[in-house]
1. For I25, which of the numbered conditions (1) at pLDDT below 95; (2) in contact with a strand residue (DSSP E or B) (Cβ under 9 Å, 6 or more places away or on another chain) fails to hold?
2. Restricting to the stretch 45-96, give me the number of residues that are of a type in the set (G, A, S) and at positive phi.
3. Six or more apart or on different chains, Cβ atoms under 6 Å: show the pairs whose first residue is in the stretch 43-67 and closer than 15 Å to R29 by Cα and whose second is part of a helix (DSSP H, G or I) and not charged (D, E, K, R).
4. How about the stretch 70-110: which of its residues are closer than 18 Å to G44 by Cβ and either in contact with a His (Cβ under 6 Å, 6 or more places away or on another chain) or modelled with pLDDT under 90 (or both)?
5. Which ones in the stretch 37-57 are surrounded by 12 or more Cβ atoms within 10 Å (Cβ to Cβ) and closer than 15 Å to G81 by Cα?
6. Somewhere in the stretch 102-118, is a residue among the aliphatic types (A, V, I, L, M), in contact with a Cys (Cβ under 9 Å, 6 or more places away or on another chain), surrounded by 15 or more Cβ atoms within 10 Å (Cβ to Cβ) and without any contact (Cβ under 8 Å) to a residue 24 or more places away in the chain?
7. Looking at S86, S106, which is the one that is farther than 16 Å from W16 by Cα and over 10 Å from the mean Cα position of the chain (by Cα)?
Amino acid sequence: MQATEKDNSGGRAVYWGTGRRKSAIARVRLVPGDGKLVVNGKDGNLYFQFNANYLGVIKGPLETLGLENEYDILVKAEGGGLTGQSDAVRLGVARALCQLDPENRSPLKIEGYLTRDPRAKERKKYGLHKARKAPQYSKR
């Protein structure tokens, strides 16, 4: 996949980034615009339930570079919950911004936006109720 593509957005450059977190995957497109957020065809505020924490996490990389009102964020998110999806979108936005200009990499790296959070649910083991929860001990 190329860094820039001609999209059906009137010939404007489109920058792609993929983010993952827990079991969530977000495919992010940055398109020159006025700062809209669209997730799975819905308004981003509505999708993330007007939660300031989720929206702040998503816009973090753009605010670090001072570009929050210059690019629209178009997202296809699947899997996981809203927390995982918002963190996945943040990583996707940061990666797309690196494609936009390689100079953006350094400030994003310092803020930690380019690090994929490796924490995920641990698998269940046999003989246990959950990954580590053992059956109740019975003395007699």
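1. Every listed condition holds for I25 apart from (1).
2. Total meeting the criteria: 3.
3. The qualifying pairs are I58/S86; I58/V89; P61/V93; P61/A94; P61/L97; P61/L108.
4. none
5. V39, N40, G44, Y47, F48, N51, Y54, L55, V57
6. Within the stretch 102-118 (the criterion being among the aliphatic types (A, V, I, L, M), in contact with a Cys (Cβ under 9 Å, 6 or more places away or on another chain), surrounded by 15 or more Cβ atoms within 10 Å (Cβ to Cβ) and without any contact (Cβ under 8 Å) to a residue 24 or more places away in the chain), the answer is yes, since at least one residue qualifies.
7. Exactly one of S86, S106 is farther than 16 Å from W16 by Cα and over 10 Å from the mean Cα position of the chain (by Cα), namely S106.
The values are calculated or read from the model by the stated rules, or taken from the named source; none is laboratory data. The structure presented is a predicted model; accordingly, all values stated were derived computationally and were not measured. Note that we place each Cβ from the backbone using ideal geometry, even for glycine, and neighbour counts take in every protein chain shown.
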